[in-house]
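Shown next, in structure tokens, is the structure this report addresses.
The values are calculated or read from the model by the stated rules, or taken from the named source; none is laboratory data. These numbers were taken from a predicted model, which means no experiment stands behind them. Every residue, glycine as well, gets a Cβ built from its backbone with ideal geometry; the counts of neighbours run over all protein chains shown.
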Amino acid sequence: MINFACFSPHPPILLPEVGSDEDKEKIKKTINALQYLGKKLEDTNPDCIVVSSPHPDWGFNVPLYFLAKDFKGEIKTYLMGSEPPKFYFEEGKKLYSLKIKNLKLKIALIASGDLSHCLRDDGPYGFNSDGPKFDKILIDALKKKDIETILKLNELYPEAGECGLRSFCFLLGILETAKINWEPEILSYEGPFGVGYLVVNFNL
């Protein structure tokens, strides 16, 4: 049974040993939203956490630092590649049908990833107009549960420089196949360093 799901950003700057106090003040909304999610995850007390990420290192470690520091159960990790978002949406559907569906466990889903890295001239990839457009359309489509648009965002805004879309689509594939009447709750969005950090709780 899936009883927790979220989108989590994963900038290393969130970690105490990386980000300064000044850095953390600039992403206070993100940190507060993640702490809220951490409490929700603790309350659900899952038996297993499924984490999807585009990165093998901080993509898993940063979300888990905030959301599952004391988790004692099983952590399953799924690394996204370069295939189209729809491929990972279908992979999520397969995972649910073949593995999750028959588990008699409480399952938590965490999709790790950031939005556009092109929001500012001084950002990691500089500014590209695809960046803010991508972030806005993704959030708007998520609110409307418009999965078809979300699956096409890489084609619509190819220069957005995002890293989380495939990870997010993987989670959405799981939720859709589980036939859960999910509702997205946008907890925060900000991009002070030129990268979009989106935190979403899914009410299930």
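Does at least one position in region 58-69 carry a residue that is aliphatic (A, V, I, L, M), out of contact with any Lys or Arg (no Cβ under 7 Å at 6 or more places or on another chain) and surrounded by fewer than 23 Cβ atoms within 10 Å (Cβ to Cβ)? Within region 58-69, one or more residues are aliphatic (A, V, I, L, M), out of contact with any Lys or Arg (no Cβ under 7 Å at 6 or more places or on another chain) and surrounded by fewer than 23 Cβ atoms within 10 Å (Cβ to Cβ).
Within region 129-152, residues that are at negative phi and among the aromatic types (Phe, Trp, Tyr) have Cβ atoms under 8 Å from residues that are surrounded by 18 or more Cβ atoms within 10 Å (Cβ to Cβ) and modelled with pLDDT under 95 in no pair, counting only partners at least 6 apart in sequence or on another chain. Among the residues making up region 170-204, those that are part of a helix (DSSP H, G or I) and touching an Asp or Glu at 6+ places or on another chain (Cβ under 7 Å) are PHE170, GLY173. I'd like the full set of residues that are closer than 17 Å to SER112 by Cα, touching a Pro at 6+ places or on another chain (Cβ under 8 Å) and assigned to a strand (DSSP E or B), limited to region 1-21. Selection gives PHE4, SER8. Close contacts from region 101-127, counting a first residue that is under 11 Å from GLY191 (Cβ atoms) and a second that is surrounded by fewer than 21 Cβ atoms within 10 Å (Cβ to Cβ) and at pLDDT below 95, with Cβ to Cβ under 7 Å and a gap of 6+ residues or different chains, come to ASP114/PRO11; HIS117/GLY123; HIS117/PRO124; HIS117/TYR125; CYS118/TYR125.
Against the list (1) free of Cβ contacts under 8 Å to residues at least 12 places away in the same chain; (2) farther than 14 Å from TYR197 by Cα; (3) not aromatic (Phe, Trp, Tyr), the condition SER97 fails is (1).
Residues checked against (1) in contact with a strand residue (DSSP E or B) (Cβ under 6 Å, 6 or more places away or on another chain); (2) among the charged types (D, E, K, R); (3) at pLDDT 95 or above; (4) assigned to a loop (DSSP other than H, G, I, E, B):
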site	(1), (2), (3), (4)
ASP122	no, yes, no, yes
GLU155	no, yes, yes, no
ALA160	no, no, yes, yes
CYS163	no, no, yes, yes
PHE168	yes, no, yes, no
